[in-house]
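The values are calculated or read from the model by the stated rules, or taken from the named source; none is laboratory data. All of these numbers come straight from a predicted model, not from anything done at the bench. Here the Cβ is made from the backbone with ideal geometry for all residues, glycine too, and neighbour counts use every protein chain on show. Protein only, heavy atoms only, side chains kept; ligands, DNA and RNA dropped before computing areas. Shrake-Rupley method; radii C 1.70, N 1.55, O 1.52, S 1.80 Å.
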Amino acid sequence: MKITQAILPVAGLGTRFLPWTKAVPKELLPLGNRPIIAHIVDECIEAGIRDICFVISHGKEAILQYFQDDPRLEAALKKRGKTDALRRLPHYKNVRFHVVYQEEQLGDGHAILQAMGWITSPHVAVLFGDDLFVGAASGIQQLLAASEKVKDRECALVAVENIPREDTRHYGVIDPDGAVDRRLKKVKGLVEKPDPAKAPSTLGIVGRYIIPRSIFAALPRVRAGKDGEIRLIDALIAQLKTVPIYALECAGTRIDTGTPEGYAKAVKLLGGIGVS
Ligand code: UTP
């Protein structure tokens, strides 16, 4: 499967990271020599995806600013002879960034829906702004490789992690059907945040997806959950009869950088500010 477009929903409230997220988008926290979101954009670029749409909320414009050239800053640095500083400025040549707004935080599915008019390809990658994969090929690269093993053309692929049973309440959990290989499984059902006793497996969905365009047609019909949020997983459930889903247990360590504990773990693995 060839994927050229990716949606990065980064409009969330970031409640688990308050009070910092009052002022600073958590996606801009530093990890080594780059903010978290740059790790995710670089994951797209390494996978050959150069058409990127951020779904942001008002006040999170600094996310786009990081990726744009700043001629005034460059001129000021040049004038002062600060060549080292100039060299540190990132340049994202041949990458097209696009921004859409989510006016109200009504869930990840609702966020992705805002990008619908921008999609021009049959499949699109979705990368959540706080999940990072460390120590192996990137999550999206692993999903792309898995897509080559799947015969259905009109299908969705989701990354999953084998989670402790007591944590199923925090994840969408798959009900696996046949196995394509040790890590790749066909999915016969999905349950959002099941009780541990009722969970069909311990394979929880994490923040990397490849979805066909048809999922966007289902999203507006998805009913909000008890928490008022519209989720991508519910659109996948609604389309399961016509759009087969495959789940890949990704190799490597997945870190949820959306909590202070997860972020601290990521800093340990990837370095603090200025350390690449
Ligand atoms: P999370 O569930 O981690 O939500 O969203 P959050 O708002 O970022 O953080 P908490 O739970 O309040 O602490 C998963 C991804 O979906 C995006 C988030 O920005 C994150 O990348 N998202 C979530 C949206 O873009 N809009 C939403 O309404 C909800």
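Quick look at the numbers
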read-out: Residues ILE45 and LYS188, FRET efficiency given R0 of 25 Å [Cβ-Cβ distance, rounded to 0.05]; value: 0.10
read-out: Sequence-distant residues sharing a close amide H with ASN33 (under 5 Å, placed H); value: GLY274, VAL275, SER276
read-out: Alpha-carbon centroid distance for the pair region 118-137 / region 82-105, whole angstrom; value: 17
read-out: Two-site label geometry, LEU86 and LYS149: point separation in nm, points 7 Å out along Cα→Cβ; value: 4.9
read-out: Charge dipole of region 1-96 about the Cα centre (unit charges at C-beta), most positive-ward option of THR4, LEU77, ALA23; value: LEU77
read-out: Computed FRET value (nearest 0.05) for LYS2 with LYS22, which takes r as the C-beta separation and R₀ as 51 Å; value: 0.80
read-out: Under-5 Å amide H pairs with VAL206, H placed in peptide plane, nonlocal only; value: ALA159, VAL160, GLU161
read-out: Kirkwood-based shape ratio for region 195-254, expressed as Rg/Rh from alpha carbons; value: 0.98
read-out: Value of [θ]222 nm, deg cm²/dmol, for the chain, DSSP H segments ≥ 4, -39500 (n - 2.57) each, nearest 500; value: -7000 deg cm²/dmol
read-out: ³J(HN,Hα), Karplus 6.51/-1.76/1.60, whole Hz, each residue of region 242-254, x for Gly, Pro; value: 9, 10, x, 10, 10, 10, 10, 7, 6, 7, x, 9, 9
read-out: Estimated vicinal HN-Hα couplings, Hz - region 172-181 in sequence order (Karplus 6.51, -1.76, 1.60; Gly, Pro = x); value: x, 10, 8, 9, x, 10, x, 9, 6, 8
read-out: Average accessible area per residue (Å²) across the chain - probe 1.4 Å, nucleic acids and ligands excluded; value: 49
read-out: Farthest positive-ward along the chain dipole, Cα basis, beta-carbon charges - from SER57, ILE140, GLY172; value: ILE140
read-out: Equivalent ellipsoid dimensions for region 31-186 as semi-axes, Å, which come from the Cα gyration tensor, largest first; value: 34, 19, 17
read-out: Phi-based couplings in Hz for region 200-205 (Karplus 6.51, -1.76, 1.60; Gly and Pro marked x); value: x, 6, 10, 9, x, 6
read-out: Global form of region 99-210, assessed from the alpha-carbon gyration tensor, a/c cut-off 1.5; value: oblate
read-out: Cα-Cα over 23 Å, subset of LYS2/LYS186; LYS2/LYS188; LYS60/LYS226; value: LYS2/LYS188; LYS60/LYS226
read-out: Ratio Rg/Rh, restricted to the chain and using Cα atoms, in which Rh is the Kirkwood radius; value: 0.97
read-out: Cα gyration tensor category, rounded, prolate or oblate, for region 1-84 with a/c compared to 1.5; value: oblate
read-out: √(5λ) per eigenvalue of the Cα gyration tensor, region 42-116, largest first, Å; value: 30, 16, 8
